[in-house]
Amino acid sequence: MPLSWNAFDEGSALPELEKKPGVTQLVKYAAGGGDFNPLHHDFAFPQSKALGSIIIHGRFKYAALGELVSNWLDHGGRIRSLSCQYRGMDLPDQPMILGGEVKRKWEENGEKLAEVELFAKNASGKNTTPGSAIVVIDA
Amino acid sequence: MADKIEITEKMRAVLGVESERWTHEVTTTSVRAFARGVGYTDPVYFDEASAKAAGYRSLPCPPTYLGTPIFIPGKSNDTFSGPKNTGPGLDHGLKNVLDGGTETEYFADICAGDTLSVTSCCADLSIRESKTTGQMLIVTTESTYTNQEGKVVAKQRGQGLFY
């Protein structure tokens with residue numbers, strides 16, 4: 001059901017999203033996003049060897065935070081801005097939990113706005129990809 | 001790994017210089033490919049009838065997807081699919097790159113059928129110390145996405161970490 005203005009408050013948590021991208025998922029993302037950096041699929045690539053593994057595209061995690069927000073909105077609004085920082089490398093076949101919390105809810109120039117803080121936690125609970133978004137709610 | 005990175009006058013001269021204009025296409029197939037790559041299950045990004053029922057013109061771009069750069073052998077970057085020559089090159093000699101962060105601002109919706117015209121420029125250069133990789137050069141790039149009607153629909157800032 002599309003998200004409505006009355007369905008959340010400051011402090012509300014976004015429904016979490018769990019992902020465990022394997023190499024095949026990363027290959028699909030590479031094809032969908034057009035980023036064929038071998039660091040994300042080729043274990044023999046020198047930078048992968050130096051790091052000990054291929055790593056997940058930062059942009060995959062960014063897109064996954066986008067999916068989290070999109071699922072929450074369920075087309076009852078749109079994203080005005082979305083940002084994240086890549087603070088730690090994530091490896092394939094490891095579970096990650098994406099989530100968020102509404103930090104601010106306000107009306108401005110006739111628009112209903114909310115700011116959400118986002119996270120992507122790895123298996124040891126470290127937030128490798130902190131982010132935030134501003135969304136506009138339709139009604 | 002570099003011991004010491006220096007931001008030279010020659011590197012600073014690149015700041016703000018606009019790249020070659022490049023086309024990004026948004027098609028039903030490209031939207032599905034991206035949504036599938038992320039792992040979406042929401043039918044709005046795959047099925048046109050569901051997209052229209054949700055109020056969109058066609059399949060909407062999932063968040064963070066801003067079209068696929070058209071690929072032309074010899075003119076495109078073989079790895080990242082965009083233009084090979086993204087403006088005057090930054091001559092830093094560093095071989096490794098990691099992604100530092102991304103920020104996108106949206107000004108209008110983007111759906112399958114749209115064609116985006118993209119320019120980018122180097123907006124900032126700085127140096128950061130990293131525990132794992134030593135000194136890194138932080139290159140901030142800003143890209144502007146204009147649709148077929150001449151409307152700026154999105155701006156994206158990204159940070160490349162070179163070491």
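The values are calculated or read from the model by the stated rules, or taken from the named source; none is laboratory data. Remember, predicted model here, so these are calculated numbers, not experimental data. Neighbour counts run over all protein chains shown; Cβ positions are idealised from the backbone, glycine included.
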- [ ] Check off (1) modelled with pLDDT under 95; (2) over 24 Å from A:Ser124 (Cα atoms) for A:Gly88 and give me the number that stays unchecked.
- [x] (2)
TODO: Could you check how many residues of segment A:46-80 are out of contact with any strand residue (DSSP E or B) (no Cβ under 7 Å at 6 or more places or on another chain), over 16 Å from A:Val23 (Cα atoms) and among the polar types (S, T, N, Q)?
DONE: 2
Task: Within segment B:96-142, considering residues that are of a type in the set (Ser, Thr, Tyr) and under 22 Å from A:Ser48 (Cβ atoms), the one modelled with the highest pLDDT - done: B:Thr102
TODO: List the number of the failed condition for A:Ser124; all other conditions in (1) farther than 27 Å from B:Ala54 by Cβ; (2) crowded, with 23+ Cβ neighbours inside 10 Å hold.
DONE: (2)
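Are any residues in segment B:1-44 touching a helix residue (DSSP H, G or I) at 6+ places or on another chain (Cβ under 8 Å) and more than 20 Å from B:Phe80 (Cα to Cα), and if so, which ones? Spell out how you get there, then give the answer.
First, the residues of segment B:1-44 that are touching a helix residue (DSSP H, G or I) at 6+ places or on another chain (Cβ under 8 Å): B:28, B:30-40, B:42-44.
Within segment B:1-44, B:Thr28, B:Gly39, B:Tyr40, B:Asp42, B:Pro43, B:Val44 meet the criteria.
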Task: Filter result for the condition that a residue is touching a helix residue (DSSP H, G or I) at 6+ places or on another chain (Cβ under 6 Å) and either charged (D, E, K, R) or more than 10 Å from chain A (Cβ to nearest Cβ) (or both), over B:Leu116, B:Leu90 - done: B:Leu90
Open item on the list: Quick check on this structure: which one of B:Ala2, B:Ala49 is of a type in the set (Gly, Ala, Ser) and either modelled with pLDDT of 95 or more or out of contact with any strand residue (DSSP E or B) (no Cβ under 6 Å at 6 or more places or on another chain) (or both)?
Closed with: B:Ala49
TODO: Identify the single condition in (1) more than 18 Å from A:Ser12 (Cβ to Cβ); (2) in contact with a helix residue (DSSP H, G or I) (Cβ under 9 Å, 6 or more places away or on another chain); (3) at pLDDT 95 or above that A:Gly100 does not satisfy, given that it satisfies every other one.
DONE: (1)
- [ ] Could you pull out every one of the helices (runs of 4 or more DSSP H) wholly within segment A:13-119 that has 1 or more residues that are surrounded by 19 or more Cβ atoms within 10 Å (Cβ to Cβ) and facing chain B (nearest Cβ under 7 Å)?
- [x] A:23-33, A:58-73
TODO: Output yes when any residue across segment B:55-64 is in contact with a Gly (Cβ under 6 Å, 6 or more places away or on another chain) and more than 9 Å from chain A (Cβ to nearest Cβ), and no when none is.
DONE: yes
